[in-house]
Each structure stands twice: as C-alpha cells, then as structure tokens.
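Structure first, commentary second.
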Amino acid sequence: MLQSDRGLILALVLALFSTAAFAADLAVEDARLRLLPGDLPGAGYFRISNEGSESRVLTGVETAAFERVMMHESLEEDGMMRMRHMMKVELEPGAQVEFAPRGYHLMFMKRTRDLSVGDKVEATLKFADGQRLPVVFQVVSPTAR
Amino acid sequence: MRYTLLLLATLLVAGCSDPSWEAKDISGLMKPLEFNLVDENGQEVEGSDFRGKVTVVFFGFTHCPDICPTTLARFSRIVDAIEPEQRDDLRVLFVSVDPARDDPQTLREYTDAFGPEFVGLTGDREALDELTRRYRVTYGYGDKNEAGDYDVSHSSALFAFRRDGGAQLLIRDSDPTEAVIADIRRLLAAG
C-alpha cells in the first residue's frame, strides 16, 4: 500500500469521528463547548486518555474562534464555589482525565465570531513536549450536560 | 394502653420535624424571603413580590462558565419535570453578586436561555450584602487579570421558599435531581 493511500485512509477514518481526535497515544472524545448568550465565556468539556507508556502534560488550548482559552478547576471550599486556574494537567500513562461540569473545564473567552448551537469549533490542545493535538468541539446549548 | 401511648408519642415526634423532605429542611432556621433588588427589566423588586409562588434562590454571576450554567441547566430539567400548568407558580431567582458586569440586559439574555421561570436579579453591594447576610452566605471577588477578568466566589447553596415566603429547604449539588423534583412538587402542592 502506498504511503499516500495509508494517509488517505487514516484521514477518512478520522473524519468519521468528528468529535474525537487521536495522535501518538492520546485520545480525546466527547469534546463539547457549552455556549452562553451574548459574549459570555463558555465552558469546554472533554475526555482525554493517555494510551501511551509515557507521562504527558497538557499545557493549554487555543482556537481561532476565541481570543483566549484557560484551563480551570471548579472547587468547593466551605460551601463556597470558586475557580482555580490550572497551568498544566498531567496525564499519567494509562490515565483518563475528564473535563466535566463541576470539575476541570476549559473557559473559552471573548469569541472572535458569532457562534450557534450545532457549530463545530476547531481547537488545538498543546503539550509540554511541543505536541499539538487538533480537537473539534461540538457547540452545545446552555442546558446541555 | 401502651400502644396508644406509643402512637401518641410517635405522632408528637413526627410533628416536630417533618422527615419526608428530601433536601435539608431549614424551616424555622432561616428568615422568610425578603430583599430589595433590581430585576432583568430594570424594575425594582422585593421578596414579597414573589408571594404566592414557590421560589428557589441561587447566587452566582453570568461570567461563570461552569458552576452557574450547570446548576441552572439542572434546574431547567427540574422545571421540565414539573407539570406544565404548575410551572408558572415556580420561580428560580438567579441573584447575581457581580453587578459590575451583570446589568439587566445581560441577566435577561442569560436567564432566557434556561426558561421563562428563571428571573435574574441584582443590586448594589449594600442590597446584596443585606440579602447574603440574611441567608448566611458570602461572596467575594478575585484579582483582575490583565484583560480585566476576575473570578467571583459564591455560595453553592440554593434556598427554596414556600408560597407564603417562608424558608423551607437548602438544596445542595449533592441532592439527587429526582429528590429535588419531589420536593418542588410538594412545595407546589401546598396551598
């Protein structure tokens, strides 16, 4: 099989999984961006698995659709809710980490274009070793889980 | 005779604290619903304006991407579980403790995303402090980053009030959704 055929088949397979991304032992699934009205910041949620044998460190996310993306953790302390800014998230070999409501989440701030429920937002996950992983976030409504 | 005494004793104990609420029963522990705030139409409103309706009060801010929408989305599902003809008797009050960013229009757009039963309210610091002190919750502002954004810490508690304005329940994230639906139905059933 020619290299170009293999590449084409891989691209076709990847295209079938529009909210999943795979690269060098990292798998991302169920990526969704929960939109709020106006220009309010939206939350990004997803599941990331490190299927490799080495530790990976997620250091950030960027997208052309928003000016800024931050990684946060929602915390409850003494009945009070607050957010902690995370500079990095470690992914041990074999670990699966959830960015989910009331826990880790991305904060997408200041959109650069109009967005609607049903849109797809292309983003890039960045890692300490320089790897960049493209992920497509499905835009979901404010009442989505 | 002994059985009669036992029955009487059981009834007396049952009357003291009603065991059939799912969320935490706070009746007699918290004051009736009272406040002086501004609603999402810019109108001044008082707690007494909501007498006759079952009211759930929640504190947050619209620039909160995770907790507040998650809680409101959960309540949106709770409202959907209520019979349609009863929904107009229920109000979920989203009290923003971030008046610097949450003006009436922002609040209206925000609560409209969750349903007509959701009402956004805010006020100046004095009015907010009075209300949060009344229900023994607090809020605070984080440092601004270079873009002027800041976090707002706030209580995770929701308070449910009867139609007569009396405080009945403290609802927490840990209370199962089905349990909260049962409690809301019970509050609505009471005249």
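Here, each number is a calculation from the coordinates, and none is a lab measurement. Keep in mind the model is a prediction, meaning the values are calculated, not measured. Cβ coordinates were reconstructed from backbone atoms using ideal geometry, including for glycine residues, and neighbour counts include every protein chain displayed.
Structure above, values below:
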quantity: GNM top mover of B:97, B:56, B:38 - chain B, alpha-carbon springs below 10 Å; calculated: B:38
quantity: Whole-Å semi-axes of the ellipsoid equivalent to the protein assembly as shown (Cα gyration tensor, √5λ, descending); calculated: 43, 24, 18
quantity: Packing rank of A:125-135, A:55-65, B:77-87, where each peptide gets the mean count of other beta carbons within 10 Å, highest leading; calculated: A:55-65, A:125-135, B:77-87
quantity: Cα centroid separation, the range B:125-167 to the range B:31-65 (Å); calculated: 12
quantity: Inter-chain Cβ neighbour average for residues B:145-156, partner chain, 10 Å; calculated: 4
quantity: Rounded tilt (10° steps) of A:3-16 against the dominant C-alpha axis of chain A; calculated: 30
quantity: Charge dipole magnitude, Cβ of K and R +1, D and E -1 - chain A, Cα centre, debye nearest 20; calculated: 420
quantity: Global form of chain A, assessed from the alpha-carbon gyration tensor, a/c cut-off 1.5; calculated: oblate
quantity: For the range A:45-70 versus the range B:69-85, the gap between their alpha-carbon centres in whole angstrom; calculated: 32
quantity: Peptide-level mean, for A:71-83, of C-beta atoms on other protein chains within 10 Å; calculated: 5
quantity: Dipole magnitude of the protein assembly as shown about its Cα centre (Cβ charges: Lys, Arg +1; Asp, Glu -1), debye to nearest 20; calculated: 500
quantity: DSSP H segments from chain B that extend 20 Å or more along their own axis, Cα-based, with Kyte-Doolittle mean of -0.5 or above; calculated: B:2-16, B:67-81
quantity: Helix-only mean residue ellipticity at 222 nm for chain B, each DSSP H run of n ≥ 4 adding -39500 (n - 2.57), per residue, nearest 500; calculated: -10500 deg cm²/dmol
quantity: Test item: A:29-42 mean partner chain Cβ contacts at 10 Å; calculated: 4
